[in-house]
Amino acid sequence: EILRRLDRHEAQLVKLREDMNRLREDMNRLREDMNRGFKRYDEELVRLREDMNKLREDMNKGFRRYDEELARLREDMNEGFQLLRRHIDALGARWGLLAEESFRAGMVGVVERYFGGRVERWTHYDEEGFVFGFPSLVEVDMVISDEEHILVEIKSSVSRADVYEFWKVGQLYERIRGVKPRLAIVSPFVREEAKKLAKELGIDVYTSL
């Protein structure tokens, strides 16, 4: 009886050992399968990272090409604007002279009626360069009314530099003629800084007559 029991226990132990071995084998296969799965995952992750890096490189190359093309376009536009500006400046210089003379011619009659005298052109060659700093011909419109000498600057627009230049002309006139003239600027557009300087120098400014 004891031997039968021992044999039965032995058989159970053998079966248990076999079950343990099978379980171990199953665990090993599962581990191998998991390792292969992780390996595939790692490989896929590496490929994905490589693809992302390649995409980043392609995008960077694309952005560089875009930046270069944009820079070339900006240069072309700047060159075009500079060329257009030169043409406009050249045209403006030619048209400005004509427009200035046309404006002056149109305003002469108005000035004569306003100041009550005939507009004449006073010219003097400034040998010592008193007005401009170098010898030059000085010209200015003049009205003599009731023995008052009025120098009139008729311009379509007046800047601060124009005001100072006109004031120097008035000083030159006083030195040459011995008469202190009244100074008047007639213009539809006088810059604010020009108005301020004219007031400081005692020059009358008329933006409408």
Task: Residues that are surrounded by fewer than 16 Cβ atoms within 10 Å (Cβ to Cβ) and in a helix (DSSP H, G or I), drawn from region 175-194 - done: Arg175, Ile176, Arg177, Glu192, Glu193
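Within the bounds of region 198-207, is there any residue that is touching a helix residue (DSSP H, G or I) at 6+ places or on another chain (Cβ under 6 Å) and modelled with pLDDT of 95 or more?
The answer is yes, given that some residue of region 198-207 is touching a helix residue (DSSP H, G or I) at 6+ places or on another chain (Cβ under 6 Å) and modelled with pLDDT of 95 or more.
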- [ ] Could you pull out the residue among Leu197, Leu172 that is in a helix (DSSP H, G or I), among the aliphatic types (A, V, I, L, M) and more than 18 Å from Gly133 (Cα to Cα)?
- [x] Leu197
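Conditions tested, residue by residue: (1) in the same structural domain as Lys199 (by TED's automatic domain parsing); (2) part of a strand (DSSP E or B); (3) within 36 Å of the chain's Cα centre (by Cα).
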| site | (1), (2), (3) |
| --- | --- |
| Arg121 | yes, yes, no |
| Tyr125 | yes, yes, no |
| Glu128 | yes, no, no |
| Ala161 | yes, no, yes |
Open item on the list: What are the pairs with Cβ atoms under 8 angstrom where one residue, in region 118-129, is without any contact (Cβ under 8 Å) to a residue 12 or more places away in the chain and the other, located anywhere, is of a type outside the set (S, T, N, Q) and surrounded by 10 or more Cβ atoms within 10 Å (Cβ to Cβ)? Sequence gap at least six, or different chains.
Closed with: Glu127/Pro135; Glu128/Pro135; Gly129/Pro135
Open item on the list: Pairs please, first residue from region 169-184 and touching a residue at least 60 places away in the same chain (Cβ under 8 Å), second anywhere and surrounded by fewer than 17 Cβ atoms within 10 Å (Cβ to Cβ) and acidic (Asp, Glu), Cβ atoms under 7 Å, 6+ apart in sequence or on different chains.
Closed with: Ala184/Asp204
- [ ] Name, by its number, the condition in (1) modelled with pLDDT under 90; (2) at positive phi that does not hold for Gly129.
- [x] (1)
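The values are calculated or read from the model by the stated rules, or taken from the named source; none is laboratory data. On a predicted model such as this, the values are computed, not experimentally measured, just so you know. Neighbour counts are summed over all protein chains in view; Cβ atoms, including those assigned to glycine, are modelled from backbone coordinates with ideal geometry.
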